[in-house]
1. Would you mind telling me which numbered condition in (1) of a type outside the set (S, T, N, Q); (2) surrounded by fewer than 19 Cβ atoms within 10 Å (Cβ to Cβ); (3) assigned to a helix (DSSP H, G or I) Ile601 fails?
2. Of all residues in the stretch 33-70, how many are free of Cβ contacts under 8 Å to residues at least 60 places away in the same chain, under 24 Å from Phe369 (Cα atoms) and not small (Gly, Ala, Ser)?
3. Can you tell which of Thr528, Thr572 is within 16 Å of the ligand (Cβ to nearest atom) and either of a type outside the set (Asp, Glu) or part of a helix (DSSP H, G or I) (or both)?
4. Select from the stretch 297-355 the residues that are part of a loop (DSSP other than H, G, I, E, B) and of a type in the set (S, T, N, Q) and write down the one among them that is farthest from Val80 (Cα to Cα).
5. Of the residues Gly389, Gly358, Gly353, only one is within 12 Å of the ligand (Cβ to nearest atom) and within 23 Å of Lys173 (Cα to Cα); which?
6. Within the stretch 197-208, can you find the residues that are out of contact with any helix residue (DSSP H, G or I) (no Cβ under 6 Å at 6 or more places or on another chain) and of a type in the set (D, E, K, R)?
7. Would you mention how many residues in the stretch 81-98 are over 27 Å from Gly555 (Cβ atoms) and in a helix (DSSP H, G or I)?
8. Ala544: in contact (Cβ under 8 Å) with a residue 60 or more places away in the chain, surrounded by fewer than 22 Cβ atoms within 10 Å (Cβ to Cβ) and out of contact with any Cys (no Cβ under 9 Å at 6 or more places or on another chain), yes or no?
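The values are calculated or read from the model by the stated rules, or taken from the named source; none is laboratory data. As the structure is a computational prediction, the values presented were derived from the model and not from experiment. Neighbour counts are summed over all protein chains in view; Cβ atoms, including those assigned to glycine, are modelled from backbone coordinates with ideal geometry.
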Amino acid sequence: MELAGRKDVPEELTWDLSLIYPTEADWQADFDAAAALAERIGREFRGRLDDPERIVACLDLYEQLEQKFSLVLHYADLAVSVDYYDTASQERSAAVFTKLAEAESALSFIRSEISAAPDDVLEAAIARAARSKNYLKEIRRDRPHRLSAETERALAALSKTFQTPSDVYSMAKLADMRFPSFTVDGREYPLGYSLFEDEYEYERDTAVRRAAFEHFSAKIRQYENVTAAAYNAQVSTEKVLATLRGFPSVFDYLLFDQKVTREMYDRQIDLITEKLAPHMRRYARLIQKKNGLDEMTFADLKLAPDPDMDPRVTIPEARETVRSALSVLGTDYAAMVEEAFDRRWIDFAKNQGKSTGGFCASPYGRGSFILLSWNDRMADVFTIAHELGHAGHFARANAAQSYFDTDVSLYFVEAPSTMNELLLAQYLLRTNSDRRFRRWVLSSLIGNTYYHNFVTHLREAWYQREVYRIIDGGGSVNAETLSGLFRRNLELFWGDAVRINEGAELTWMRQPHYYSGLYSYTYSAGLTVATGVARRIEREGERAVEDWKRVLSAGSTLDPAGLAALAGVDITTDRALLDTIDAVGGIIDEICALTEELEGITV
Ligand SMILES: [Zn+2]
């Protein structure tokens, strides 16, 4: 069974990119307008940004330019993400990238000149600015790390080239890797990247599940050297840039943009590794016992404690469930959910060459675009709730803030999305009193929400920190080093509860996040905030919801600690994280108690 080609997918399962531009001609017109605006800004302001009034006028035009480029780029890029075989959209996307890099390079004088302006001029511009106030404050903060105008221009001109490692990774994974089918007991099974991650990892039949893992691992192993080389190029480049810009370490460089202290970063990795491990090992033992497995291996970790229960849902049912669950956030929020379905913001389809996983992109002022692979499962409803969390965040932030102030720190960006998963779980627990269903919902919180953010991505974060330590020390990495690190990482966390079988060490090959700096750990940070806020909403209702909405609207006008504080959660100490880990432990205890009550199995 081959996946369908993109052109054979029913339209109602696809997103509607005409919400960004009704026709290709409109796209082309805006693309040309952006290019013309870039030229105009250069003509009018180059060499003249030594005056507060002109600085503000220039940035007002620059904001318009950035908005236009963002729309033009999203339109081209989103088309590529659903069909890597579509060479026309590939070419469109490459054309925008080239033009954008050209414009950014030509306009790099804006930051350089403002950065070089005398203090009193910069301060006067900050005082006068309406839409670009925070943008200017950022320039002030970034000043010590600015290089000469010529160097900045050269770096900006190379921005497309800096994307090469990530492009190589995607091409190897999505275009070159073709998985042959495999056979178990005389029966043939098709294999593919998302088939493996969406289906086989959850497969009940142990022989099929483990065979799929083996064949999947064997195929990706053929690409381990090209993937490691791409990754080494990525992290080495980051280190070079960190040094050029005068950061003492690559960590300081990567955390600078996130406005996160090294302490906040290390806390997530260290505390979760140490304190969550005992709870997760108990959960692994429960899965093993409940499923009657001879041993627990890495390939079995996605099994549910109650795999016979896998609630199926249709898309209309998903819509109704998500709308009801999220209406706790207000009627305007529920209306956005309706709009997402009515106006086709979501790409449900499964087809060849489509990006794996899920994401939400929110081009300024044009709604949101959510990519996922729909499999008729309640688990997919959690994905929709998650992605709608991003949509709801940027709908509010984009409406309330200038384009410059919607650049939310990665540390916080997964809070609104994971929060919606928790709200969905709260709703399901409230509206159904069946004990077995209760266990299913709690298990889904652990097996998906917390597993994804506090285990999968956090293990990646631990590994990534080790990689950057090597790079910071002047070293480099190859496939062997990376596999060795990942094996040690998994063994450290799972102890003797899980056997780290062959192939598990290749998990480092499976995430595109590594091409976005210190991204992986932020999932756990966002969920820590989300857990605090979701509990507040359960306890305090309306008042907590109002605070949360203010946070969503604040965009990037506050740093992560400031946003969390506004939502009533203090993330400057261990407390919020320890409370979250306790909550996770409590849920696992309840799942174990329910299993004892329902089936008499004790762990
Ligand atoms: Zn997300």
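1. The number of the failed condition is (3).
2. Of the residues in that region, 4 qualify.
3. Thr528
4. Looking at residues that are part of a loop (DSSP other than H, G, I, E, B) and of a type in the set (S, T, N, Q), I get Thr314.
5. Just a single option satisfies the conditions, and that option is Gly358.
6. Glu197, Asp198, Glu199, Glu201, Arg204, Asp205
7. Residues in the stretch 81-98 being over 27 Å from Gly555 (Cβ atoms) and in a helix (DSSP H, G or I): 10 in total.
8. Taking the combined requirement at face value, the residue does not satisfy it.
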